[in-house]
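The values are calculated or read from the model by the stated rules, or taken from the named source; none is laboratory data. All figures in this text were calculated on a predicted structure; none of them were measured in a lab. No Cβ is skipped: glycine too gets one built from the backbone with ideal geometry, and neighbour counts run over all protein chains shown.
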Amino acid sequence: MQTYGKDMTAMVKRNTADPERKISVMGIINVTSDSYFSGSRYLEKDGKPDLPEALRQIGRMFEEGADMVDIGACSTRPGACLIDETEEWRRLSPLVSVIRKEFPDKTFSIDTFRASVVRKCFDAAGDFIINDISAGEDDPEMLSTAGNLGLTYIAMHKRGRPENMQGLCTYDDVTSDVLSYFRDFALKAEKAGIKDWILDPGFGFAKTVEQNYRLLENLDAFSGTGKKILIGISRKSMIYKPLGITPEEALSQTQVLHLAALERGADILRVHDTAEAVRTVRLYRMLYGAGPEDWR
């Protein structure tokens, strides 16, 4: 077990078994050809989004109980080659332009680190949640854009870029260092006028497999920030590599770690498999004493 500074011991921990605690499931739609899990990709061979199938999948996710759907067009997994801004918007625009008409009362997030893409999506679809893997570090206009538009913002911890991030995994203590990062980010968010932001520790981004597990083990350390905690571990290499399986084979093991994350204070599960994640949340509720009316 890792230890933390004196300030950590005084933090107020979230009561993870509280039946009033809101837990959300976020489905993943990737308008990409190279995201690590093939089942999340909705891009045709000609580079155009598979709009009908993406819309069907979004509808399916909401029917299965998803609270929101996250749409991304630029793969940022370790080792990925980033597409440019023009290509990112070319992939996103057909879907973003119709989602409000197709799903007028649903919540969406856009997975992008580019402020210009945020502005275009806002013009096309109105309010949404920004899901930025760089917490504003990859585009100096991002935080002010989020603040000016009044959008909820997901800030994720990472280091470097996809091509070099896995060489930047040196920490004094991964949990303490990531927590310190978000303390600094809180000041930046306040200065930029961001009223509502969500914390994502960044599993798999500039972290070794072992560091990912230590971060998950000590996830409750982040509850003292007062921010909702988003967990993105679905079918990731921290699951499939140690077990010698593929992402396609990692569904059941993903649910094991989703339960562990919920027990340690996760508020939002970002997932490829919404029906299974919703069931995991329900069983978590049952395990910790909530009645059927509180499962969701």
### Task
May I ask you to list the residues in segment 219-275 that are closer than 18 Å to Tyr288 by Cα and charged (D, E, K, R)?
Asp220, Glu263, Arg264, Asp267
### Query
So which pairs qualify, if the first residue must be in segment 146-161 and closer than 21 Å to Gly202 by Cα and assigned to a strand (DSSP E or B), the second must be modelled with pLDDT of 95 or more and among the polar types (S, T, N, Q), the Cβ gap must be under 7 Å, and the two must be at least 6 apart or on different chains?
Ile154/Ser109; Ile154/Asn131
## Note on the structure
Glu210 vs (1) free of Cβ contacts under 8 Å to residues at least 40 places away in the same chain; (2) touching a strand residue (DSSP E or B) at 6+ places or on another chain (Cβ under 7 Å): all pass except (2)
## Note on the structure
Counted residues in segment 77-109 being within 19 Å of the chain's Cα centre (by Cα), in a loop (DSSP other than H, G, I, E, B) and of a type in the set (Phe, Trp, Tyr) come to 0
### Message
Taking the conditions exactly as written (crowded, with 22+ Cβ neighbours inside 10 Å and within 25 Å of Ser24 (Cβ to Cβ)), does Pro201 satisfy them or not?
### Response
yes
### Message
One residue is enough: does segment 59-76 have a residue meeting the conditions at pLDDT below 70, part of a loop (DSSP other than H, G, I, E, B), hydrophobic (A, V, I, L, M, F, W, C) and within 23 Å of Phe205 (Cβ to Cβ)?
### Response
no
### Query
Filtering segment 115-145 down to residues that are under 20 Å from Ala206 (Cα atoms) and of a type outside the set (Asp, Glu), which residue is farthest from the chain's Cα centre (by Cα)?
Gly136
### Query
When you look at Arg91, is it over 15 Å from Ile28 (Cα atoms), modelled with pLDDT under 95 and surrounded by 23 or more Cβ atoms within 10 Å (Cβ to Cβ), yes or no?
yes
